[in-house]
Amino acid sequence: MRITVNVDGTSYSDEVEPRTLLVHHLREKLGKVGTVVGCDTSNCGACTVHLDGQSVKSCSVLAVQADGCEVTTVEGLARDGELHPVQKAFHDNHALQCGFCTPGMIMQSIDLLADNPDPDEKAVREGLEGNLCRCTGYQNIVKAVRDAAHQMRPGAGPEAERLGSHVGGGGE
Amino acid sequence: MTATVEPEIGKARLRKEDARLITGSTRWTDNLSLPGMLHLAVLRSPFAHAKIVSVDTSAAKTAPGVIAVYTGKDLDPESTIGMPCAWPITPDMKSPRRPVLASDTVNFAGEGLAVVVARTSAEAHDALESIDVEYEDLPVVLGIENALAEDSPLVHEELGTNRNALWVFDSAEAGTGSSVEDAIANAEVTVKRRFRQQRLVPAFMEPRACVVDPTSTQITMWAATQVPHILKTMASLTLGIPEHKLRVIAPDVGGGFGGKIGVLPEEMMCLLVAQKLGKPVKWNESRSETMVAAHHGRDQIQDITITAKRDGTVTGLKVELLADMGAYLGLVGPGVPILGAFMFNSIYKFPAYHFACTNVFTNTTLTDAYRGAGRPEATFGIERIMDELAVELGMEPLELREKNWIKHEEFPFTTVCGLTYDSGNYEAATAKAKELFDYDGLRREQAERRASKDPVQLGIGISTFTEMCGLAPSRVLGSLAYGAGGWEHAQIRMLATGKVEVVTGASAHGQGHETAWSQIVADQLGVAFEDVEVLHGDTQSSHKGLDTYGSRSLVVGGIAVVKAAEKVIAKARVIAAHLLECAEDDLEFKNGNFTVKGTEAAKNIAEIAFAAFMAHDLPDGVEPSLDSDATYDPENFSFPHGTHLCATEVDTETGRVTIRSYVCVDDIGSVVNPIIVEGQVHGGLAQGIAQALYEEAVYDESGTLQSGTFADYLLPSAVDLPHFVTDRTETPATSNPLGVKGVGEAGTIASTPAVVNSVIDAVRQFGVDDIEMPLSPMRVWHAIQHGTTDAGDVATGAGGGLGSIDSAGGAQ
């Protein structure tokens, strides 16, 4: 069936098989290979994207369910060459090594901060429970998310203002 | 002029690699797409041991989008292709042929036996369902001791045994120490224990994948591998493809941890299918396939005897291992337990040592390297038995260790295994760790909780570890019958504009080589960090290398970079002297500048590179290039060490274990980039702690992997791990010019016994002296209720003897 999905600001209209998962549609049809597949049981969270502003594991959503929706992937976060504060915080805090879980981890972190702009360590750990990382032991990921929260806090200056344009950007 | 004044080495540089990884601009193998590319799907056996009576592919061949279907016979009609094992540990080692696809029998659940080639991956997978295979059950061999029983059925009838090899080291025979049997006969105190190293899954986040393009003069293979160079040579030897006709690329690779060290049947399958069809092909596995088809790690039974004098001086150590190889031998599988042979004695001055390891075949997924490979097992064995000895002697466990460890003034120290530890300071690391941990305070709290019968008891676990890494001196590997050398290659290309390309044979998959190597080169040549580009992972640009494993990249590959830089400077010096009209000896090289001593006259390395490029004014006989290669073979291993302290709270009513505090002080010598080091330690700790508390590959009695998904195999998430306190002492290695030691495996090697010792320390008061890993709440609770759980009970009792299953634990 035909679906129309807006992904990272571009509208795509395609025929898809009803069984096609959103993640496969993104990767195979739309070339959005920044979003990756790490498991087949919805445990790892590597494929996390935002669907109408909320984080979803795109392996657990059918492409047809995204018809008429807006999807933001890790590829759509940076604006005018400027990184999203969460992306920057992952870099600044060495929150990635191999980087395979990173797209999902960043998308989930943004969602987490939208719900809770000032999470403590426990809240970050619990908020990322559905995203697995094998490299970092999570410590620097937790640090990065809390650093991003600090950078995005209300009154953080022009950087924070800019966030209004981000899906699920949180902060205010 | 871009001279660096502040040294780059030691600077907490943020990683160059991150830019593409945080924006999704990645080149994972599965991201690649080539014109006309076809997709492969593998039919895998659901049975652990069965004869293949027939395979009917006719329906699959007519399924929509299917180009071809191949069985094992189709790809290898003569049944002559066997996957390589590069580590024949003994001359009489039994080695079964591991086919690309099984054609006569399947020997573990998950083994491939047919492949569908289709237009899309979905069509290929759909067609798998219409392949009809008739199997005839064969008896399933599970459990190391069962496999060794007189009347056991055989995994491979043609071998006549389930025993792969027996490998022995004895210090009396080797002349490196005295006789363990004498030590046991004369011992004042003897402690014997049996420990179990459960089977683990490496669980790199990126599943394995391979793309082969046969359409150019060199067949190009992209693979999610740690070892592109080894893969290239081995693929050539295995399939007879001339080596110069093959190019292997490891693009962005999503973790490995030893799990991507293999030369895979699926990779050989891709090469064969692509050549048959003359079209690019891609194989990409699902996580469920990874869990059963990618090699596992660990899986040992350890029988350990330690002897000591009453005053605590150790007198002998005897280690008898049984190691499960699974159904076949991996690339270095049989040698993995042998890497532990030299590490059981650890940092202690044993006068007598005996090690014997029996490798065994079972109808399970093969085992091979997993982070630490043999050394975590050894460290676990020795650090656990030191605690048991301390209890037997009534000594404080840290005091027992200190009494027996090599003192810092005794280095270099040659051990009972004949290895020479170049440097170390166990006293300094331990003192720092104790202070950060508040060791004495926690011991006080522990005593109080015991006295008040607090339902939550506190345990303190110690692991004072060392490891041998930086694999390795080629001659040592040769003496162990390892199928390759241990050198590494680097090349530095000085470009006309003063920028630098560094080629390394150490292929990274998350470690941060691009950043660290840039720092090394910036210091060596006096160029800017940003002006260095590191090239790796493509055998066309990086033609020579032995890849990344065994914490070898920096201590072997990084030193090769230093050696190449020294050659660049030597070449530049000749040209600089010519241009500055002075003798070479009058030149001083510092911060990228050649300066004539005592004058202001100078030329920087970029100017020399440009002069070499122009070649208008070079001394006679000097070639117009500064580019230099170095292939470095280390003289010794590196021996990082550290003291890890873990405090756990054990809820005696539920068996739940919570890590209250984890402190480690590692000594990895000089540090190139402290944040990368810290990241390596964190990740290593996570994996070691996960072995202690969470992870286990569990088979049922028919040989089906029960923990075959991330829903069943408990990879820890952020909530399952504590905040780590990490610190360092710096005792530079004397075996290399940077003074560096490996760090990639340290955290994993050290942490597992620290956690288990801690839990046992908390519950020993209930008569418990061991609990099998992982220490699930059920097992801990059971141990508290019933006193000692016997780790030796692996192969007895109902439901026992199934490799990683035991009668008390299993999937609980």
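Below, the figures for the structure above:
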{"quantity": "Check on B:Arg384, of a type in the set (Lys, Arg), within 24 Å of B:Gly744 (Cβ to Cβ) and buried (at least 24 other Cβ atoms within 10 Å of the Cβ)", "calculated": "yes"}
{"quantity": "Breaking point among (1) assigned to a helix (DSSP H, G or I); (2) of a type outside the set (Lys, Arg); (3) surrounded by fewer than 21 Cβ atoms within 10 Å (Cβ to Cβ), for B:Ala496", "calculated": "(1)"}
{"quantity": "Tally, over region B:208-224, of residues that are surrounded by 24 or more Cβ atoms within 10 Å (Cβ to Cβ) and without any contact (Cβ under 8 Å) to a residue 60 or more places away in the chain", "calculated": "1"}
{"quantity": "Single residue of B:Ala187, B:Ala165, B:Ala203 found to be small (Gly, Ala, Ser), touching a residue at least 24 places away in the same chain (Cβ under 8 Å), within 14 Å of another protein chain (Cβ to nearest Cβ) and not in a helix (DSSP H, G or I)", "calculated": "B:Ala203"}
{"quantity": "So B:Lys563, is it buried (at least 17 other Cβ atoms within 10 Å of the Cβ) and assigned to a strand (DSSP E or B)", "calculated": "no"}
{"quantity": "B:Asp303 being surrounded by fewer than 22 Cβ atoms within 10 Å (Cβ to Cβ), part of a loop (DSSP other than H, G, I, E, B) and not assigned by TED's automatic domain parsing to the domain that holds B:Tyr70", "calculated": "no"}
{"quantity": "Sole exception among (1) surrounded by 24 or more Cβ atoms within 10 Å (Cβ to Cβ); (2) closer than 24 Å to B:Tyr549 by Cα; (3) touching a Phe, Trp or Tyr at 6+ places or on another chain (Cβ under 9 Å) for B:Thr367, by number", "calculated": "(3)"}
{"quantity": "Members of region B:620-635 found to be within 16 Å of B:Ile569 (Cβ to Cβ) and assigned to a loop (DSSP other than H, G, I, E, B), listed by number", "calculated": "B:Val622, B:Glu623, B:Ser625, B:Leu626, B:Asp627"}
{"quantity": "Which listed residue, of B:Thr215, B:Thr238, is part of a loop (DSSP other than H, G, I, E, B), in the same structural domain as B:Ala114 (by TED's automatic domain parsing) and not charged (D, E, K, R)", "calculated": "B:Thr215"}
{"quantity": "Boolean, A:Leu26 is closer than 25 Å to A:Ser13 by Cβ, within 11 Å of chain B (Cβ to nearest Cβ) and free of Cβ contacts under 8 Å to residues at least 60 places away in the same chain", "calculated": "yes"}
{"quantity": "Failed item, numbered, when B:Ala447 is tested on (1) in a helix (DSSP H, G or I); (2) in contact with a Cys (Cβ under 8 Å, 6 or more places away or on another chain); (3) not charged (D, E, K, R)", "calculated": "(2)"}
{"quantity": "For B:Asp620: the one exception among (1) in contact with a helix residue (DSSP H, G or I) (Cβ under 9 Å, 6 or more places away or on another chain); (2) farther than 26 Å from B:Val5 by Cβ; (3) of a type outside the set (Gly, Ala, Ser)", "calculated": "(1)"}
{"quantity": "Subset of region B:645-699 [small (Gly, Ala, Ser) and crowded, with 24+ Cβ neighbours inside 10 Å]", "calculated": "B:Ala647, B:Gly669, B:Gly679, B:Gly683, B:Gly684, B:Ala686, B:Gly688, B:Ala690, B:Ala692, B:Ala697"}
{"quantity": "Test: residue in region B:191-201 that is under 30 Å from A:His25 (Cβ atoms) and in contact with a helix residue (DSSP H, G or I) (Cβ under 9 Å, 6 or more places away or on another chain)", "calculated": "yes"}
{"quantity": "One residue from A:Val16, A:Val33 being within 12 Å of chain B (Cβ to nearest Cβ) and without any contact (Cβ under 8 Å) to a residue 12 or more places away in the chain", "calculated": "A:Val33"}
{"quantity": "When residues of region B:700-711 are limited to those that are at the interface with chain A (Cβ under 9 Å from one of its Cβ atoms) and in contact (Cβ under 8 Å) with a residue 12 or more places away in the chain, the one surrounded by the most Cβ atoms within 10 Å (Cβ to Cβ)", "calculated": "B:Phe710"}
{"quantity": "Candidate set from region B:347-384 (those that are over 20 Å from the mean Cα position of the chain (by Cα) and of a type in the set (S, T, N, Q)); member that is farthest from B:Ala203 (Cα to Cα)", "calculated": "B:Thr358"}
{"quantity": "Of the criteria (1) facing chain A (nearest Cβ under 8 Å); (2) closer than 19 Å to B:Gly297 by Cα, which one B:Tyr694 fails", "calculated": "(1)"}
{"quantity": "Search result, residues across region A:43-78 that are over 17 Å from A:Tyr12 (Cα atoms) and free of Cβ contacts under 8 Å to residues at least 40 places away in the same chain", "calculated": "A:Val56, A:Cys59, A:Ser60, A:Ala78"}
{"quantity": "Conditions (1) facing chain B (nearest Cβ under 7 Å); (2) in a loop (DSSP other than H, G, I, E, B); (3) without any contact (Cβ under 8 Å) to a residue 40 or more places away in the chain; number of the one not met by A:His91", "calculated": "(2)"}
{"quantity": "Flag if B:Glu289 is assigned to a helix (DSSP H, G or I), away from chain A (no Cβ under 14 Å) and charged (D, E, K, R)", "calculated": "no"}
{"quantity": "Some residue of region B:369-379 being of a type in the set (Ser, Thr, Tyr), part of a loop (DSSP other than H, G, I, E, B) and farther than 18 Å from B:Ser758 by Cα", "calculated": "yes"}
{"quantity": "In region A:1-43, the residues that are assigned to a strand (DSSP E or B) and out of contact with any helix residue (DSSP H, G or I) (no Cβ under 6 Å at 6 or more places or on another chain)", "calculated": "A:Arg2, A:Thr4, A:Asn6, A:Val7, A:Thr10, A:Ser11, A:Tyr12, A:Ser13, A:Glu15, A:Leu21"}
{"quantity": "Selection count, region A:60-81, where residues are away from chain B (no Cβ under 11 Å) and out of contact with any strand residue (DSSP E or B) (no Cβ under 7 Å at 6 or more places or on another chain)", "calculated": "4"}
{"quantity": "Within region A:94-117, tally of residues that are within 7 Å of chain B (Cβ to nearest Cβ), in contact with a Ser or Thr (Cβ under 7 Å, 6 or more places away or on another chain) and not in a loop (DSSP other than H, G, I, E, B)", "calculated": "1"}
{"quantity": "Hey, B:Leu579 touching a residue at least 12 places away in the same chain (Cβ under 8 Å) and within 26 Å of B:Glu206 (Cβ to Cβ) or not", "calculated": "no"}
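Matching residues to (1) within 14 Å of another protein chain (Cβ to nearest Cβ); (2) in contact with a Cys (Cβ under 7 Å, 6 or more places away or on another chain); (3) exposed (fewer than 15 other Cβ atoms within 10 Å of the Cβ); (4) of a type outside the set (Val, Ile, Thr):
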| residue | (1), (2), (3), (4) |
| --- | --- |
| B:Val5 | no, no, yes, no |
| B:Glu8 | no, no, no, yes |
| B:Lys11 | yes, no, no, yes |
| B:Arg15 | yes, no, no, yes |
| B:Arg20 | yes, no, yes, yes |
| B:Gly24 | yes, no, no, yes |
| B:Trp28 | yes, no, no, yes |
| B:Leu32 | yes, no, no, yes |
| B:Gly36 | no, no, yes, yes |
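The values are calculated or read from the model by the stated rules, or taken from the named source; none is laboratory data. Since the model is a prediction, treat every value here as computed from it, not as a measurement. Backbone-built Cβ (ideal geometry, glycine too); neighbour counts: all protein chains shown.
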